[in-house]
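Colleague: Okay, here's the structure, questions in a sec.
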Amino acid sequence: MTGPMVEARGVRKYYGSLQVLRGIDLDVAEGEVMCLVGPSGSGKSTFLRCINHLERLDGGTLRVRGRLVGFEERKGKLYEMREREIASQRLDIGMVFQRFNLFPHMTALQNVMEAPVQVRREKTAAARKRALDLLERVGLADKCGAYPGMLSGGQQQRVAIARALAMEPKLMLFDEPTSALDPELVGEVLDVMRQLAESGMTMVVVTHEMGFAREVGDSMVFMDQGVVVESGSPKDVLSNPQHARTQAFLSKVL
Amino acid sequence: MTGNADIVAVPVRHYGRWVGAAVVIALLVVLVYGFSQGNIDYGTTWQYFTADTIVSGMWNTLLISLLAQALGVGLGVVAAVMRTSKNPVTSAVAWFYIWFFRGTPVLVQLLVWYNLSLVFPTIGLPGIASWDTNSLMTPFLAALLGLGINEGAYMAEIVRAGIGSVDHGQTEAAHALGLSPTKTMRRIVLPQAMRVIIPPTGNEFINMLKTSSLAYAVQFDELLLSAVGIYSSNLMVIELLFTVSLWYLVLTSVFSVGQYYLERRFSRGTSRATRSRGLLGQVAANLRLGRTR
Ligand SMILES: Nc1ncnc2c1ncn2[C@@H]1O[C@H](COP(=O)(O)OP(=O)(O)OP(=O)(O)O)[C@@H](O)[C@H]1O
Ligand SMILES: [Mg+2]
């Protein structure tokens with residue numbers, strides 16, 4: 001692949017008359033870890049959800065691995081994709097949510113196996129073996145039989161990461177993966193994410209963990225009121241912000 | 001009562017309650033006395049309690065209630081899922097089904113099914129096959145369709161509430177994993193909605209046990225019709241109506257006990273103990289009576 005993993009051009013999104021995204025332009029290269037920061041309500045989650053078409057964008061274009069998200073281009077005209085096509089497009093993209101969203105009626109192992117077996121029609125035995133490997137990778141080999149309700153927040157989030165990885169995505173989206181965690185549990189989740197970054201995964205991470213961003217991130221994008229205000233390497237943005245809005249935001253969170 | 005209560009005070013005297021209780025007891029005595037002296041032969045009531053016709057009517061009541069409830073659950077799930085569909089036609093059809101079958105009396109619906117031959121003398125695919133509606137629409141089928149399709153409209157609302165109770169994040173997580181909308185509903189949303197759906201479904205079934213008596217109007221051999229058959233020849237009307245009442249009480253009581261445990265289990269919400277059991281395990285545990293906890 002030559003082009004960027006994610007290419008956003010003028011992405012706009014409305015909720016009713018409220019314009020939440022006012023033209024987002026950004027590129028995420030393959031293997032890049034991009035940290036998305038900004039004040040509450042600035043549209044970070046909305047943009048992330050547009051990338052795997054959980055939200056439909058209202059303007060601009062968004063491409064993942066060169067393919068338009070949610071639309072098809074034929075003879076210069078745009079056609080909306082069917083649910084099935086959207087579902088298959090999402091296979092390349094894993095997502096981790098702030099509130100984990102594990103399936104509470106399934107064990108950790110079943111959570112991880114669900115998509116490979118149901119979507120990719122993998123054989124149960126093979127899917128099980130891979131799921132066990134993944135749980136081991138996030139340090140939860142001993143918890144494979146546990147239901148989400150019996151796990152701590154940090155453990156749940158690690159299962160959620162394993163569940164997303166089970167589909168062997170090319171791109172991982174994280175929406176404030178540690179914001180719902182008790183402070184002492186944040187580290188174990190960030191450790192897993194750091195390993196993932198080291199393994200070369202392309203990641204877009206909405207986070208308030210500036211330490212993680214500085215250490216693991218390849219780039220940082222500061223968003224406010226639906227636009228990208230400033231972007232650059234995490235060190236530059238964090239220690240030498242150019243815009244008044246970035247300065248004001250960072251002075252509050254750092 | 002509490003051994004270490006050290007406040008000594010005269011409690012409030014509830015004279016009104018005493019008077020009320022006395023009046024109620026007096027009325028009860030009059031009522032029981034009246035029925036015991038009335039022109040009723042209780043021996044007959046008891047005698048028919050175990051009569052073959054009545055017992056087989058009871059089994060038919062149980063059978064039609066179970067089948068109609070099952071049909072109702074199936075239709076209810078389909079209608080509820082259709083209601084949530086983005087396709088306006090699909091959702092409108094479901095809306096109409098619910099509106100129509102909840103808005104008309106079930107007795108009328110039963111009679112319409114039973115007399116369907118008046119509308120369509122034959123049923124079938126033109127040129128391929130065709131049946132005589134009158135011989136097709138047996139009392140059993142009319143009862144099943146009448147009760148089951150009506151029940152489906154009520155179940156649809158219950159299932160819809162259940163679906164609505166599942167956190168939207170579950171759907172998003174499933175979609176993000178690439179599960180299709182159908183798979184998301186079947187594998188992720190519905191199993192979780194069961195927690196909300198199952199207790200009221202138990203109530204619906206207990207109601208169905210009694211509502212099924214309306215099927216006597218379409219000549220289905222359930223409990224009430226069995227009694228009618230007997231008393232129209234021996235004229236022991238009230239005696240046999242009491243016999244079937246006893247059977248209905250037995251049926252509703254038995255299933256109410258099951259319902260009690262069902263509700264107690266599910267009202268506990270997603271406690272850790274509940275979640276750690278599979279759905280079938282939960283249901284099985286609910287039905288195991290006398291479990292101490
Ligand atoms: N489904 C929705 N319907 C209407 N408005 C919405 C919806 N989702 C989000 N919004 C609004 O869009 C704006 C951007 O929301 P978004 O969740 O993207 O912000 P965010 O940057 O992720 O904030 P936070 O840090 O609080 O998560 C907010 O003003 C929010 O109220
Ligand atoms: Mg957000």
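The values are calculated or read from the model by the stated rules, or taken from the named source; none is laboratory data. Note that this is a predicted model, so its numbers are computed, not measured. Please note: Cβ atoms are built from the backbone with ideal geometry, for glycine as well, and neighbour counts cover all protein chains shown. We work out accessible area using only protein heavy atoms, side chains counted, and drop any ligands, DNA or RNA first. Shrake-Rupley method; radii C 1.70, N 1.55, O 1.52, S 1.80 Å.
Colleague: Using amide H atoms built in the peptide plane, which far-off residues or other-chain residues are under 5 Å from B:Gly124 H to H?
Modeller: For B:Gly124, whose amide H was placed from the backbone, the distant partners under 5 Å are B:Trp131.
Colleague: Sticking with this structure for a sec: How large, in Å, is the protein assembly as shown by the Kirkwood hydrodynamic radius built from its alpha-carbon pairs?
Modeller: Evaluated on the protein assembly as shown, it is 28.6 Å.
Colleague: Helix-derived [θ] at 222 nm for chain A: sum -39500 (n - 2.57) over DSSP H runs of at least 4, divide by residue count, nearest 500?
Modeller: Value at 222 nm, helices only: -10500 deg cm²/dmol.
Colleague: Evaluate peptide B:162-171: per residue, the Cβ atoms of other protein chains within 10 Å of its Cβ; return the mean as an integer.
Modeller: Per residue, the number of nearby Cβ atoms from other chains is 2 on average.
Colleague: As I understand it, the dipole of segment A:1-143 uses +1 on the Cβ of Lys and Arg and -1 on the Cβ of Asp and Glu, about the Cα centre. Which of A:Val119, A:Ile93, A:Gly23 lies farthest toward its positive end?
Modeller: Checked the options; the winner is A:Val119.
Colleague: Now, a different point. Whole-Hz Karplus ³J(HN,Hα) for segment A:174-179, in order, using 6.51 cos²θ - 1.76 cosθ + 1.60 and θ = phi - 60°, x for Gly and Pro?
Modeller: 10, 9, 6, x, 10, 6
Colleague: Taking the alpha-carbon distance from A:Lys75 and a cut-off under 18 Å, which lysines remain once sequence neighbours fewer than 8 residues away in the same chain are dropped?
Modeller: Cross-link targets: none qualify.
Colleague: Now a separate question. Would you tell me the mean number of C-beta atoms belonging to other protein chains that fall within 10 Å of each C-beta in A:94-106, as a whole number?
Modeller: Taking the mean over all residues of the peptide, I get 5.
Colleague: Taking the Cα centre of each part, how many Å lie between segment B:12-78 and segment B:215-239?
Modeller: Taking the Cα centre of segment B:215-239 as reference, the centre of segment B:12-78 is 17 Å away.
Colleague: May I ask you to list, by number, the DSSP H helices of chain A whose Cα span along the axis is at least 30 Å and whose average Kyte-Doolittle hydropathy reaches 0.5 or more?
Modeller: What comes out of the filter, once short or polar helices are dropped, is none.
Colleague: Based on DSSP H runs of at least 4 residues, each adding -39500 (n - 2.57), what is the mean residue ellipticity at 222 nm of chain B after dividing by all its residues, to the nearest 500 deg cm²/dmol?
Modeller: -23500 deg cm²/dmol
Colleague: Chain pair B, A: how much accessible area is buried, both chains summed, with a 1.4 Å probe, in Å² to 100?
Modeller: Summed over both sides, the interface buries about 2300 Å².
Colleague: Further, regarding this structure: Report the rotationally averaged projected area of segment B:14-67 based on its alpha-carbon convex hull, in square nanometres.
Modeller: 6.7
Colleague: Using +1 at the C-beta of Lys and Arg and -1 at the C-beta of Asp and Glu, which of B:Tyr248, B:Leu214, A:Leu48 has the Cα lying farthest in the positive direction of the dipole of the protein assembly as shown?
Modeller: A:Leu48
Colleague: Out of the total accessible area of the protein assembly as shown (probe 1.4 Å, heavy atoms of protein only), what percent is carbon and sulfur?
Modeller: Result for the protein assembly as shown: 59 percent of the exposed heavy-atom area is carbon or sulfur.
Colleague: Would you calculate the separation in nanometres between label points at B:Glu157 and B:Val237, each defined as 7 Å from the Cα along the Cα-to-beta-carbon direction?
Modeller: Each label point is offset 7 Å from its Cα along the Cβ direction, giving 3.5 nm.
Colleague: How big is D for chain A, in µm² s⁻¹ as a whole number, if Stokes-Einstein is applied with the Kirkwood radius of its Cα pairs at 25 °C and 0.890 mPa s?
Modeller: 130
Colleague: Residue by residue, what Karplus-based ³J(HN,Hα) values in Hz, rounded to whole numbers, does segment B:211-225 have, using 6.51, -1.76 and 1.60 with θ = phi - 60° and x for Gly and Pro?
Modeller: 4, 4, 4, 5, 5, 5, 5, 10, 6, 7, 6, 8, 3, 5, 5
Colleague: Which value results when the Cα radius of gyration for chain B is divided by 2.2 N^0.38 Å?
Modeller: In units of the globular-protein estimate, chain B measures up at 1.32.
Colleague: Place a +1 charge on the Cβ of each Lys and Arg in the protein assembly as shown and a -1 charge on the Cβ of each Asp and Glu, then give the dipole magnitude about the Cα centre in debye, rounded to the nearest 20.
Modeller: Dipole magnitude for the protein assembly as shown comes out near 260 debye.
Colleague: Suppose all protein chains stay in the model; what accessible area per residue would a 1.4 Å probe give for the protein assembly as shown, in Å²?
Modeller: Here the residues of the protein assembly as shown average 51 Å² of exposed surface.
Colleague: Taking the Cα-to-Cβ direction at A:Ala248 and at A:Glu184 and moving 7 Å from each Cα, how far apart do the two end points lie in nm?
Modeller: 3.8
Colleague: Sticking with this structure for a sec: Taking Cα centroids, how far is segment A:30-106 from segment A:170-228 in Å?
Modeller: If we compute the Cα centre of each part, the gap is 17 Å.
Colleague: Nearest 20 debye, what's the magnitude of the dipole of segment B:45-292 about its Cα centre given +1 on Lys and Arg Cβ and -1 on Asp and Glu Cβ?
Modeller: My answer is approximately 1380 debye.
Colleague: So, one more: Of A:Lys44/A:Lys143; A:Lys129/A:Lys170; A:Lys13/A:Lys143; B:Lys86/B:Lys210; A:Lys170/A:Lys252, which sit over 29 Å apart, Cα to Cα?
Modeller: A:Lys44/A:Lys143; A:Lys13/A:Lys143; B:Lys86/B:Lys210; A:Lys170/A:Lys252
Colleague: Here is a follow-up. Considering chain B as a Gaussian network with a 10 Å cut-off on Cα pairs, which listed residue, B:Val93, B:Val254, B:Val24, attains the greatest mean-square fluctuation?
Modeller: Of the options given, B:Val24 has the highest mean-square fluctuation.
Colleague: Okay, next question. For peptide B:178-188, what's the mean number of Cβ atoms from other chains within 10 Å of each residue's Cβ?
Modeller: Partner Cβ neighbours, averaged per residue: 5.
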